[in-house]
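Worksheet for the structure shown next.
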């Protein structure tokens with residue numbers, strides 16, 4: 001898996017462009033019938049019947065709405081949700097719509113609607129999950145934020161990898177874990193390196209914010225033994241490498257001198 005990230009490191013821009021070849025217009029064409037259901041219900045204030053719910057919250061429609069928008073469509077879809085479980089639905093990669101949020105506003109819409117539905121549900125008498133004691137809605141939001149996909153990556157990591165820095169930073173602000181790892185030891189800081197390959201001027205700032213949020217990741221290696229700055233060096237990302245190398249050198253200087261280890265080595 002780590003090798004896959006490195007391959008994508010060398011061609012992250014190409015990966016991003018290929019993914020967005022399926023653009024907003026293609027989304028609107030493919031899902032025109034489902035979008036019509038949203039518009040009809042929203043305009044006329046009609047209740048959402050079981051069939052319509054199935055159309056709105058099945059497969060990957062919510063994911064694509066979060067990815068390609070527009071914002072007002074996503075907000076309308078979310079307003080028709082009646083259960084937090086509809087927003088928690090996953091695609092075949094084990095990802096929720098949060099993994100595809102187009103920007104900070106889209107991420108906020110998903111999180112705020114999930115929070116409001118969870119809060120309302122928690123107020124119902126006798127509410128609890130099977131074999132689970134009641135959990136505050138805010139804690140469920142943290143679970144939503146830090147949910148991992150089939151490869152062990154979080155939404156923060158995937159958004160950074162895809163160069164969606166505003167959405168990634170909003171997740172960070174709202175409590176996403178910056179110190180997590182996927183199954184191959186890849187951290188959000190590794191993924192933030194990939195973000196700097198895009199033309200987004202905020203990408204380097206995102207890298208610095210992720211580093212600040214979890215400084216220990218500067219020394220965290222993947223299963224292949226690669227540090228975040230190794231990813232930057234291999235991808236010839238000079239600015240990212242400079243930021244990470246400076247932080248790494250500073251971290252090394254702050255480590256206490258290991259006299260016992262030195263004596264044992266003699």
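Looking across segment 1-49, the residues that are in contact with a helix residue (DSSP H, G or I) (Cβ under 8 Å, 6 or more places away or on another chain), at pLDDT below 75 and in a helix (DSSP H, G or I) come down to 5, 6, 8, 9, 10, 12, 15. For residue 187, the conditions (1) farther than 24 Å from residue 98 by Cβ; (2) buried (at least 17 other Cβ atoms within 10 Å of the Cβ) are fulfilled apart from (1).
Number of residues in segment 89-127 that are surrounded by fewer than 19 Cβ atoms within 10 Å (Cβ to Cβ) and under 16 Å from residue 60 (Cβ atoms): the value is 6.
Within segment 35-47, being surrounded by fewer than 18 Cβ atoms within 10 Å (Cβ to Cβ) and in contact (Cβ under 8 Å) with a residue 12 or more places away in the chain holds for 39, 42. State yes or no: is residue 52 at pLDDT below 85, farther than 16 Å from residue 97 by Cα and either touching a helix residue (DSSP H, G or I) at 6+ places or on another chain (Cβ under 8 Å) or surrounded by 11 or more Cβ atoms within 10 Å (Cβ to Cβ) (or both)? Yes: the conditions hold for residue 52.
The values are calculated or read from the model by the stated rules, or taken from the named source; none is laboratory data. Bear in mind the structure is a predicted one, so any value in this text is a computation, not a measurement. Using ideal geometry, Cβ is built from the backbone for each residue, glycine included, and neighbour counts are taken over all protein chains shown.
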